[in-house]
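What follows draws every value from the coordinates through simple rules; no lab data is involved. The model shown is predicted, which means the values in this text are computed figures rather than measured ones. So basically every Cβ, Gly included, is an ideal-geometry build from the backbone, and we count neighbours across all protein chains shown.
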Amino acid sequence: MKTILHRLLIGLALGLCGLCTWQWHGQVQQHKALTALAQTIADQTAELQHATNSVAVLDQQLAQMDARLTELRSVVQSNRTASAASRAENQRVTGALAQANENIRHQNETLKNVVAQRDAFLQRLNDAIQDRNAVVAKYNALVQQIAEAQPNRPATEPPAPK
């Protein structure tokens, strides 16, 4: 009778050890998944910061180009005033005006390209933000699943038998 009880006690102890090992393994896997999600969030946050900085730089460049465009328009106006002085001066100013208009057209095209690039960049930024929000939603769902899967009980109590 005593040996049966000893064997039963040893069997139960080994079973408890196995259960603890199985739970430990599950927790390690969950920790790895959480660490990977945290790294993904950190990477996306860094990308978002980089994108935000790029937008600020593009806005600054756009303001500089706008100032340059205003300056060129001022030059065109002064050239038109000077062209009324004489016919010979008019021919010279006409060539300069044609060049200035070409520059303005070129700058307008450049400005349109910059605006298109900025719009594409903002679309990518919005997509990245949506992706990040999706990752956060997945992370929150995973945390909720973990919280529901592990009921609150003291660490010293063994799990209740099922």
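Computed values, structure above
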read-out	value
For the chain, built as a Gaussian network whose Cα springs stay under 10 Å, the top-fluctuating residue of Leu12, Leu34, Leu58	Leu12
With Cα atoms, 0 to 90° folded angle of helix 2-83 axis to the chain main axis	10
Taking the chain and dividing mean pair separation by its residue count, relative contact order in percent (alpha carbons under 8 Å, at least six apart)	29
Cβ-placed point charges (K, R +1; D, E -1), dipole of segment 55-134 about Cα centre in debye, nearest 20	300
HN-Hα J in Hz across segment 124-132 - Karplus 6.51, -1.76, 1.60, θ = phi - 60°, x for Gly and Pro	5, 4, 4, 4, 5, 5, 5, 4, 5
